[in-house]
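Student: I'd like to ask you about the structure that follows.
The values are calculated or read from the model by the stated rules, or taken from the named source; none is laboratory data. Bear in mind the structure is a predicted one, so any value in this text is a computation, not a measurement. When we count neighbours, we look across all protein chains shown, and the Cβ atoms used for this are built from the backbone with ideal geometry, even at glycine.
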Amino acid sequence: MKVGVWGVLFLGGVLCTGCSQGKEPKDAADTLYWGGEILTMEGDQPSYVEAVAVRGGKILFVGAKVQAMELQGAGTQVVDLEGKAMLPGFIDPHGHFMSAVRMVEQVNVASPPMGTVTDIPSMIAKLRTFQEERKIAKGGWIVGWGYDQDLLKEQRHITRRDLDPAFPDHKVLIVHVSMHGAVLNSKALAWAGVDAQTKTPKGGIIARLDGGQEPAGLLMETAFIPVFGKMPQPSQDAMVQDLVGPAQEMYARNGYTHAVEGFSHLIDLDFLKRAAKEGKLFIDVVALPGFVEMDQWLDNPKYAFGAYENRFRIHAGKFPLDGSPQGKTAFVTVSYKTGGPSGQKDWKGETSIPRKDLFRMVKQLTDRKIPIQIHANGDAAIDETIEAIRAAGIRAADDRRPVIVHSQFQRPDHLDAYAELGISPSYFTNHCFYWGDVHVRNLGAEKAAFISPLKSALAKGLVCSNHTDFNVTLLDPFFVLWTAMARETRSGKVLGPDQRVDAYTALKTLTTAPAWQFFEEDRKGRIREGLLADFVILSGDPVQTPVDQIRNLKVLETIKEGKSIYKRR
């Protein structure tokens, strides 16, 4: 597809000749792209074009180079891709944009490849260095993210007894990698009001020290939600002026032109509305208000669903029905082989929302034609989600597009129900690498091999996206492609080889599929005339890159509505 030097000279000559004769096109393009592998993502097989023209932030023309030349005006910028690949901008199907905003002021305590922590001493050292560098005074907060007990040398949860000697005068909170819990030291537990007399709430976990009821530090699910909700936040002024830009840059560096705030509190909605109003958003941000404040956002005109306003929109109600399989809080039908997160016997996890409440809320949104996204990891949680959607009267013919986020430990029989009801899964194949070996230990090889069953779901005609759940895993889109194609665990085993897909299919889960899930297939996700000029330019074409090299690809430039928002130096 690359045009040589004579082609460049010819193009320049023709265009300059046209200009000199005053033949300015009626609808001249702002920018012309050509000279590379332009993958449109149209159709079931890879489809390439020679050139793309952009005008006013939208795609004006897609097709042959000769026709594109006719759209050249005096002010048109011509971009020779020099053999590089250009695709539609990547779409984040599910993640936590507000975590990106907040993590600017937090410390990474994740294990490789997310971070460098390998044991409890290295974690404490990382926290101490952060406290010293940021000059956090006594009584202040030290917040870490990405903590994963399964990847520590000690193979156990850190406790307040580990943290207290190092931080006797600071409040420490370490967010679990699942983002469904955290470990707190004694100062933080006292601030949270959690002590030996605190009862464990239904659907929650408060780990206890051996021999008594004193909290050990770990809070999960419904025990963690209220604590997280009242954590001190940076001022909204600081977030709007100083933090929202760097957060968006994280996405743009990875080729994403669309981000999701996957469980939005009202404080998040208010912040994002303000950031949009003040013109601070340069990528699209979609919010999913959480069920815990549904009485405040439902039927409230301040939080209207649907249309974009300065690149921000509210899309769907969000219900996290269970926890994470790696945290052993996913709700399953057969007990975990390794017990519960606090040593419980015959442990199957629990739901976070009582059944009758879930059914009621899903029906309320359905009656108002508000889309629904439900987090369900375990097969028991998926059972309950399917029942709630069916009870609300939703069927595939209605085109309501309910999304079950993660859909990790599906059973094969679930796929027929998804097809019947029009449910679309947003899978998470990064789990194969990050926690595949853990899942085998916890739930067995057979169940682990069927996590994120892309191949089987596609065979049933389902539309499937694939996400990072950032900041649970890296935003890196090439890692997502690799895990969908290779399904390798940390130990090098292949988890469910029959569920591996090719590169083009994997790319659809980051482009066309999430666009469809968000009812935006006529706005983004393809390189097609009339759609937004959202592109990503890559160092190579993923379709033509061997599986073992796919992670070496680089994002060279990200373009949002015709404007460059990131360029690799």
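A quick yes/no check of all residues on (1) in contact (Cβ under 8 Å) with a residue 60 or more places away in the chain; (2) over 19 Å from the mean Cα position of the chain (by Cα); (3) under 17 Å from GLN106 (Cβ atoms):
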position	(1), (2), (3)
GLN233	yes, yes, yes
ALA238	no, yes, yes
ALA252	yes, no, no
HIS258	yes, no, no
ASP268	yes, no, yes
PHE282	yes, no, no
LEU288	yes, no, no
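Student: If I filter the stretch 179-235 down to residues being touching a Gly at 6+ places or on another chain (Cβ under 9 Å) and of a type in the set (S, T, N, Q), which single residue comes out as surrounded by the most Cβ atoms within 10 Å (Cβ to Cβ)?
Tutor: ASN185
Student: Can you give me the ranges of the helices (runs of 4 or more DSSP H) entirely in the stretch 378-462 with at least 1 residues that are within 24 Å of the chain's Cα centre (by Cα) and of a type in the set (Ser, Thr, Tyr)?
Tutor: Where helices (runs of 4 or more DSSP H) fall fully within the stretch 378-462 and carry at least 1 residues being within 24 Å of the chain's Cα centre (by Cα) and of a type in the set (Ser, Thr, Tyr), they are 379-391, 412-421, 430-443, 454-459.
Student: Does the stretch 322-345 include one or more residues that are in contact with a helix residue (DSSP H, G or I) (Cβ under 8 Å, 6 or more places away or on another chain), free of Cβ contacts under 8 Å to residues at least 40 places away in the same chain and not charged (D, E, K, R)?
Tutor: No: zero hits.
Student: Follow-up. Do the conditions hold for PHE167, that is, is it closer than 30 Å to LEU510 by Cβ and crowded, with 19+ Cβ neighbours inside 10 Å?
Tutor: Spelling it out, it is not the case that PHE167 is closer than 30 Å to LEU510 by Cβ and crowded, with 19+ Cβ neighbours inside 10 Å.
For every residue, the table says whether it meets (1) within 17 Å of PRO341 (Cα to Cα); (2) part of a loop (DSSP other than H, G, I, E, B).
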{"position": "GLY211", "(1), (2)": "yes, yes"}
{"position": "LEU218", "(1), (2)": "yes, no"}
{"position": "ALA223", "(1), (2)": "yes, yes"}
{"position": "VAL227", "(1), (2)": "no, no"}
{"position": "PRO232", "(1), (2)": "no, yes"}
{"position": "LEU269", "(1), (2)": "no, no"}
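Student: Specify which of the listed residues (ALA486, ALA513, ALA506) is over 21 Å from VAL79 (Cβ atoms), crowded, with 17+ Cβ neighbours inside 10 Å and either of a type outside the set (A, V, I, L, M, F, W, C) or in contact with an Asp or Glu (Cβ under 9 Å, 6 or more places away or on another chain) (or both).
Tutor: The match here is ALA486.
Student: Out of all the residues in the stretch 316-343, which are over 25 Å from the mean Cα position of the chain (by Cα) and at pLDDT 90 or above?
Tutor: Once the filter is applied, which keeps residues that are over 25 Å from the mean Cα position of the chain (by Cα) and at pLDDT 90 or above, the stretch 316-343 yields THR333, VAL334, SER335, TYR336, LYS337, THR338, GLY339, GLY340.
Student: Output the number of the condition that ILE174 fails; it satisfies all remaining conditions of (1) surrounded by fewer than 16 Cβ atoms within 10 Å (Cβ to Cβ); (2) of a type in the set (Val, Ile, Thr); (3) under 25 Å from ASP322 (Cα atoms); (4) under 23 Å from the mean Cα position of the chain (by Cα).
Tutor: Going through the list (1) surrounded by fewer than 16 Cβ atoms within 10 Å (Cβ to Cβ); (2) of a type in the set (Val, Ile, Thr); (3) under 25 Å from ASP322 (Cα atoms); (4) under 23 Å from the mean Cα position of the chain (by Cα), ILE174 breaks only (1).
Student: Return yes when LEU127 is under 20 Å from ASP162 (Cα atoms) and buried (at least 16 other Cβ atoms within 10 Å of the Cβ) and no when it is not.
Tutor: Yes; evaluated as a whole, the condition is true for this residue.
Student: Here's a follow-up. Testing ARG274 on (1) within 27 Å of ILE372 (Cβ to Cβ); (2) in contact (Cβ under 8 Å) with a residue 40 or more places away in the chain; (3) part of a helix (DSSP H, G or I), one condition comes back false. Which one is that?
Tutor: (2)
Yes/no matrix, rows are residues, columns are (1) on the phi > 0 side of the Ramachandran plot; (2) of a type in the set (Val, Ile, Thr); (3) touching a helix residue (DSSP H, G or I) at 6+ places or on another chain (Cβ under 8 Å):
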{"residue": "SER186", "(1), (2), (3)": "no, no, yes"}
{"residue": "ALA190", "(1), (2), (3)": "no, no, no"}
{"residue": "VAL194", "(1), (2), (3)": "no, yes, yes"}
{"residue": "GLU249", "(1), (2), (3)": "no, no, no"}
{"residue": "LYS280", "(1), (2), (3)": "no, no, yes"}
{"residue": "LEU288", "(1), (2), (3)": "no, no, no"}
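Student: Which of the residues spanning the stretch 381-414 are hydrophobic (A, V, I, L, M, F, W, C), touching a residue at least 40 places away in the same chain (Cβ under 8 Å) and farther than 28 Å from ARG490 by Cα?
Tutor: VAL403
Student: Additional query: Kindly establish whether VAL52 is at pLDDT below 95 and touching a Gly at 6+ places or on another chain (Cβ under 9 Å).
Tutor: no
Student: Can you tell me which residue among LYS337, LYS318, LYS328 is closer than 26 Å to GLN410 by Cβ, in a strand (DSSP E or B) and not hydrophobic (A, V, I, L, M, F, W, C)?
Tutor: Result: LYS318 is the single residue among LYS337, LYS318, LYS328 that is closer than 26 Å to GLN410 by Cβ, in a strand (DSSP E or B) and not hydrophobic (A, V, I, L, M, F, W, C).
Student: What's the number of the condition ARG400 fails, among (1) modelled with pLDDT of 95 or more; (2) under 22 Å from ASP148 (Cα atoms); (3) of a type outside the set (Ser, Thr, Tyr)?
Tutor: For ARG400, the exception is condition (2).
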